[in-house]
Amino acid sequence: MTPTTPASDRRTTTAPLGRRSLLTGLGLLPLGALAACSDGGTDEASDAGGSDAGGASGTRTVTDAFGTEVEIPARAEKVVVLHYAATQAAMDLGLTPIGTGPAGQGGGGDEEEWVPAELWAELKDVPVVVSQQEPQIEKIAELEPDLILAPNTTEDDVRQQLEQIAPVYAFLLRGGQRKDWEGRVKGVSEALGREDEYTALAADWKQELDDAATAYADVAQGLVVGVVASYEEGNMYAWGEGNMQGTLLLPLGVTWSAQENAAVEGEKEPEKTVSNERVLDVVGDAQLVFYDSTLSGSTTAFTTALRESPLYRQLPAVAAGHEYPFGKNTIAGYSDARASLAKITAAFDAYRGA
């Protein structure tokens, strides 16, 4: 079945694998140690942590997206990340993971289209440890990480298996605060012991937004914008202003489409799948329309089909030539945000010059 939400956000699942079959199957335990892995064994706690868990630098306790206190290395270096949303965050903070979830959103083979070039140069050689939304448990164990970053959509049975390998920190991917991508980066920085790096990144980003707001105040004032995408045949995705895109566009001074806000009203997250036939009712009041794209500006087949549909071409903004790529509608980190800000200001330049 085709997903009704962006592929990058779907829930992670896998089949349970017992501690004994996992560790002995990989040769991680000598035969003499099997008894310690039996249910109710008294050595389980020491296996999971203890004074050696953080190496010479020790350990510390942090609170993850579930509100769970997790004991982790004071400054983890061998980190596996199960979703690109936190992979980019880690790389923005200066750490390249030893294993990652896939970066592409189009079904595979297109990762370079979704990763900023400066990050792809390092990420392209990092093993992918998630396949078809399922973490590859044995592959992860073989990497011997000292920390695993998992999205808060990870199933409990999967999380339990991962905890047998290394401490697991859950980061925010879905939920009412999903739009807070900066909060996710902050959480990752706390898990990695890189809070100072986050503070510097956040300050730089705020200055960039402030500068753009000043430079394009004449364009943004009174400008009504909408943002669309498509992730399945015949349906489009509507985004309200309380989503990730709003964190970039609203500080610049634009006004969000009232029709699009109304279309997602009442949703747990301000986004909704609707029929392509409703496009005039969803963003018909927008003077400028942004569409989901790769970092290079290309679109998936579904978004291309939406943009080529007769009703979409009737949108006043589109008819006037004011539709532009936004970049990734799901922002992974500051690198994505900067790429999208560059596209937004390019669109404003074109609108100003029209």
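The values are calculated or read from the model by the stated rules, or taken from the named source; none is laboratory data. Since the model is a prediction, treat every value here as computed from it, not as a measurement. Cβ sites come from the backbone with ideal geometry, for glycine too, and all protein chains shown count toward neighbours.
Looking at K272, is it outside any helix (DSSP H, G or I), more than 18 Å from K343 (Cα to Cα), in contact (Cβ under 8 Å) with a residue 60 or more places away in the chain and basic (K, R)? Considered against the rule, which asks whether it is outside any helix (DSSP H, G or I), more than 18 Å from K343 (Cα to Cα), in contact (Cβ under 8 Å) with a residue 60 or more places away in the chain and basic (K, R), K272 comes out as no. Does segment 211-239 hold any residues that are out of contact with any helix residue (DSSP H, G or I) (no Cβ under 8 Å at 6 or more places or on another chain), assigned to a helix (DSSP H, G or I) and not polar (S, T, N, Q), and which are they? Result: D211, A217.
In the set (1) assigned to a helix (DSSP H, G or I); (2) out of contact with any helix residue (DSSP H, G or I) (no Cβ under 8 Å at 6 or more places or on another chain); (3) in contact (Cβ under 8 Å) with a residue 60 or more places away in the chain, the condition left unmet by G242 is number (1).
One residue is enough: does segment 260-270 have a residue meeting the conditions over 26 Å from G183 (Cβ atoms), out of contact with any strand residue (DSSP E or B) (no Cβ under 6 Å at 6 or more places or on another chain) and surrounded by fewer than 20 Cβ atoms within 10 Å (Cβ to Cβ)?
Yes, segment 260-270 has at least one match.
Restricting segment 292-308 to residues that are small (G, A, S) and over 21 Å from L248 (Cα atoms), the residue that is surrounded by the most Cβ atoms within 10 Å (Cβ to Cβ) is A305. If I go through segment 301-312 residue by residue, how many of them are in contact with a helix residue (DSSP H, G or I) (Cβ under 7 Å, 6 or more places away or on another chain) and either not aliphatic (A, V, I, L, M) or not assigned by TED's automatic domain parsing to the domain that holds A229 (or both)? Residues flagged as in contact with a helix residue (DSSP H, G or I) (Cβ under 7 Å, 6 or more places away or on another chain) and either not aliphatic (A, V, I, L, M) or not assigned by TED's automatic domain parsing to the domain that holds A229 (or both) within segment 301-312 amount to 2. Within the option set A320, A342, being closer than 18 Å to G222 by Cα, free of Cβ contacts under 8 Å to residues at least 60 places away in the same chain, out of contact with any strand residue (DSSP E or B) (no Cβ under 6 Å at 6 or more places or on another chain) and not basic (K, R) holds for one residue only, A320. Being touching a residue at least 40 places away in the same chain (Cβ under 8 Å), outside the structural domain of T303 (by TED's automatic domain parsing), part of a loop (DSSP other than H, G, I, E, B) and closer than 29 Å to T294 by Cα is a description that applies to R174. Screening segment 285-335 for helices (runs of 4 or more DSSP H) wholly inside it with 2 or more residues that are aliphatic (A, V, I, L, M) returns the ranges 301-308, 316-319.
So which of G222, G226 is at positive phi and in the same structural domain as V274 (by TED's automatic domain parsing)?
Unique residue meeting the criteria: G222.
Of all residues in segment 134-171, those satisfying the criterion of being modelled with pLDDT under 95, within 19 Å of R184 (Cβ to Cβ) and either assigned to a loop (DSSP other than H, G, I, E, B) or not assigned by TED's automatic domain parsing to the domain that holds V62 (or both) are N152, T153, T154. Being touching a Lys or Arg at 6+ places or on another chain (Cβ under 8 Å), small (G, A, S) and not in a loop (DSSP other than H, G, I, E, B) is a property that A262 lacks. As a summary of the residue check, T300 satisfies the conditions (1) modelled with pLDDT of 95 or more; (2) within 16 Å of Y237 (Cα to Cα) except for the one numbered (1).
Would you check if there is a residue in segment 248-258 being crowded, with 19+ Cβ neighbours inside 10 Å, touching a strand residue (DSSP E or B) at 6+ places or on another chain (Cβ under 9 Å), within 18 Å of R178 (Cα to Cα) and not polar (S, T, N, Q)? Checking segment 248-258: at least one residue is crowded, with 19+ Cβ neighbours inside 10 Å, touching a strand residue (DSSP E or B) at 6+ places or on another chain (Cβ under 9 Å), within 18 Å of R178 (Cα to Cα) and not polar (S, T, N, Q). In segment 177-186, of all residues being assigned to a loop (DSSP other than H, G, I, E, B) and not basic (K, R), the one that is surrounded by the fewest Cβ atoms within 10 Å (Cβ to Cβ) corresponds to Q177.
V81 falls short on exactly one of the conditions (1) at negative phi; (2) within 14 Å of the chain's Cα centre (by Cα); (3) surrounded by fewer than 21 Cβ atoms within 10 Å (Cβ to Cβ), and that condition is (3).
Scanning segment 116-149 for residues that are in contact (Cβ under 8 Å) with a residue 60 or more places away in the chain, under 13 Å from V79 (Cα atoms) and not aliphatic (A, V, I, L, M) gives E142, E144, P145, D146. Taking the criterion of being more than 16 Å from I72 (Cα to Cα) and either surrounded by 15 or more Cβ atoms within 10 Å (Cβ to Cβ) or not polar (S, T, N, Q) (or both), the residues of segment 187-207 that qualify are D196, E197, Y198, A200, L201, A202, A203, D204, W205, K206.
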